[in-house]
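The values are calculated or read from the model by the stated rules, or taken from the named source; none is laboratory data. Keep in mind that this is a model prediction, so the values were computed, not measured. Note that we place each Cβ from the backbone using ideal geometry, even for glycine, and neighbour counts take in every protein chain shown. Areas reflect the complete protein model, heavy atoms only, side chains present, ligands, DNA and RNA absent. Shrake-Rupley method; radii C 1.70, N 1.55, O 1.52, S 1.80 Å.
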Amino acid sequence: MHRNPAKVILPFEPKENIQLRKEKVIELDSNGFKNTTKKETSQQGNETLEESSHTKINFKEVKYKKETVLKKRLFYLSQKKVFDDNNEIIFEKLKDNDSKISSLFVKLKSKKERLRNNQIMVEGWRMIVDGLEAKCNLQYILFSHKEDLNNIRPFMPKTGVQIYKIPYKEMELWSDVVTCPGVVGVFEMPSPDKIKRFSKPLPLQFLCDNIRVPGNLGAILRAAVGVGCEKVLVSKGCVDIWDSKVLRSAAGAHFRLPIYPSIEWEEMPQHLPSDTSLFIADSNTDFPENKTEEVSKVGSEIPVLPYYGVDFAALNHVTLIIGGETESVSEMSYRLGVNNNGLRLHIPLHKGVDSLNTGMAAAVIAFEIRKQLTQAAAKAKLDRQALKT
């Protein structure tokens, strides 16, 4: 049956306010229901077609944009660009056991390959920043998290660096430290002739002899940078200056100091200025029993003085020879001292203490030299000002 109400009675109201409202009645016969259903379905179908066609157009645009961005990214990677158009760092993501990672690290771990490829590896963002501040050529950056690049970003060049993102576990396998810092930089080996100076160096150079412990050589290099050395000469037989432990203990000294490694003793006089005064840091006033007769004979010919008993300000140039803790100073160093009228410098120690660490001894003597030179320079400046007035 069909429901056809004549009127709708609103909720109860007083008689004087009674108002009746007519409602529109929809006829729901079978033919009308079919017609309206067809119209609605056709309208819905048209709307769906329009939406699907619109979706296809958007999908094509998105796909085109993605392909364009990808092509541009690949082009930037091939050109070794560091930043994209949005000033974001461009990097290539590598998976575990990627051949690029293994081949690069294997070459950097080998002394022979390091020298052949002229590359060194440093770990941690501070070391990388030190190299970039010294205008050294950065070739690769390997990192695990984007946050690791935040400290390096302000110093990074715009081009010339290949950046790879690798898993942290892979980084740990190749790291030389207990706690991997998560970021590694590969630099071109700094050339002594291209080291950037931040200030004028002192007329002082170190000569390292028989230093076999990486940490000791790194400490000497760090002291040399701190005191303002002119350069450091490393004789053949010392530990490799580019060893990872030497790099870490030197704390960036390799980027700020001219270092001449593996010098033969026959060539050593060529690296000494003609007006230099040669001193040998010696921990004992008398030669120990484990020294050979020849070394004792040559060394005994060189006078010994306390390190503070020399007027370094009166000298034109100073060369300080520093020996290793185990092997001590070699016979060749003593012969060089004899031929150049050198002196042995002794650091007086408390009773019962035999010697200081090699790096510490170098720092004590070097900063005594610096103190005397700076005091003499300050006095000369005051004298000049007094003459003008």
Task: Highest-first arrangement of 160-166, 374-380, 147-153, where packing means the average Cβ count within 10 Å - done: 160-166, 147-153, 374-380
- [ ] Starting from the Cα-Cα distance between S191 and A313, subtract it from 0.36 nm times their residue separation and give me the gain in nm to one decimal.
- [x] 40.9 nm
Task: Computed label-point distance, nm, for sites F198 and V353 using a 7 Å Cα→Cβ extension - done: 2.9 nm
- [ ] Determine the alpha carbon to alpha carbon distance for each of K231/K388; K107/K196; K169/K194; K109/K169; K194/K236; K112/K194 and list only those over 25 Å.
- [x] K231/K388; K107/K196; K169/K194
- [ ] Return the distance in nm (one decimal) between the two label points of a simple spin-label model at W265 and K146, each offset 7 Å from Cα along Cα→Cβ.
- [x] 5.8 nm
Task: DSSP bridge pairs, the stretch 122-218: antiparallel proportion in percent, nearest 5 - done: 65 percent
- [ ] Please give the length that would be gained between D84 and E301 if that part of the chain were fully extended, namely 0.36 nm times their separation in residues minus their C-alpha to C-alpha distance (nm, one decimal).
- [x] 71.4 nm
Task: Residues whose placed amide H lies under 5 Å from that of I90, excluding near-sequence neighbours - done: F83, D84
- [ ] Keeping the other protein chains in place, figure out the carbon and sulfur percent of the accessible area of the stretch 323-389, with a 1.4 Å probe.
- [x] 53 percent
TODO: In whole Hz, with x marking every Gly and Pro, tabulate ³J(HN,Hα) for the stretch 185-198 from phi via Karplus 6.51 cos²θ - 1.76 cosθ + 1.60, θ = phi - 60°.
DONE: x, 10, 10, 6, 4, x, 8, x, 7, 10, 5, 7, 9, 8
- [ ] Taking 7 Å along the Cα-to-C-beta vector as the label spot, tell me the D240-A380 distance in nanometres, rounded to one decimal.
- [x] 4.2 nm
Task: Heavy-atom accessible area order for R116, R344, largest first, 1.4 Å probe - done: R116, R344
- [ ] For the stretch 229-376, just say rounded, prolate or oblate: build the C-alpha gyration tensor, square-root its eigenvalues into a ≥ b ≥ c, call rounded for a/c under 1.5, and beyond that prolate if a/b exceeds b/c, oblate if not.
- [x] rounded
